[in-house]
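Presented below is the structure to which this report refers.
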Amino acid sequence: MRYNLSEITELIRNRRTIYPEQFSDRKIHREQIELILTNAQWAPTHGNTQPWRFVVFTDEAKQTLSDFLAKTYLEVTPVEKQNDMKLAKMLKRPLLSSAVIAVCMKRQEEEKKLKRLKRLKPLPVRYKTCISHAQHMELEDFGQPQS
């Protein structure tokens with residue numbers, strides 16, 4: 001076997017959620033971000049559609065993201081359902097990270113999409129999260145979250 005099964009098992013079993021409040025203050029370098037994004041291209045896709053696009057926010061751009069998230073939350077969420085704690089997290093969390101990688105989706109043209117859908121079986125939800133889990137594990141390897 002090309003990969004050590006015990007190491008893969010350990011990696012999967014040790015995966016955990018790390019919240020921005022638990023991050024270290026260590027800066028993640030541009031080369032590390034580029035490696036994460038390059039590796040993300042290898043995540044499984046539905047029919048090789050590769051619909052995602054990445055936007056990396058660093059430095060002052062994190063403040064722009066923070067403001068955008070808060071503004072959008074206030075615009076989209078009905079006033080009676082707005083939560084001050086949730087809004088505060090949206091404002092604070094992007095600023096706690098060395099970098100924020102937003103995973104966006106580029107929709108296919110309708111005609112191409114319909115042709116592919118006729119040929120392919122539906123993709124289970126669990127595969128849609130593979131890419132972000134892989135990125136998360138790589139960030140742990142770079143020492144971003146504190147243990």
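Highest mean packing first, where packing is the average number of other Cβ atoms within 10 Å per residue, the peptides 55-64, 73-82 line up as 55-64, 73-82. Each Lys and Arg adds +1 at its Cβ and each Asp and Glu adds -1 at its Cβ; summed about the Cα centre, the range 1-58 shows a dipole of about 80 debye.
Kirkwood-based Rg over Rh for the range 27-72 (C-alpha set), two decimals? Please report the intermediate quantities before stating the final value.
Values: Rg = 13.9 Å, Rh = 12.8 Å.
My calculation of the ratio gives 1.09.
The smallest convex shape that holds all Cα atoms of the range 1-89, its convex hull, gives 195 Å³ per residue.
Apply 1/(1 + (r/R0)^6) to the Cβ-Cβ distance of Q63 and N39, taking R0 = 22 Å, and write down the FRET efficiency to the nearest 0.05. Intermediate values should be presented prior to the final figure.
Working: r = 28 Å, r/R0 = 1.26.
Plugging the Cβ-Cβ distance into 1/(1 + (r/R0)^6) gives 0.20.
Every number here is computed from the coordinates shown, using simple stated rules; none is lab data. Predicted model, so just to flag it, every value in this text is computed and none were measured. Backbone-built Cβ (ideal geometry, glycine too); neighbour counts: all protein chains shown.
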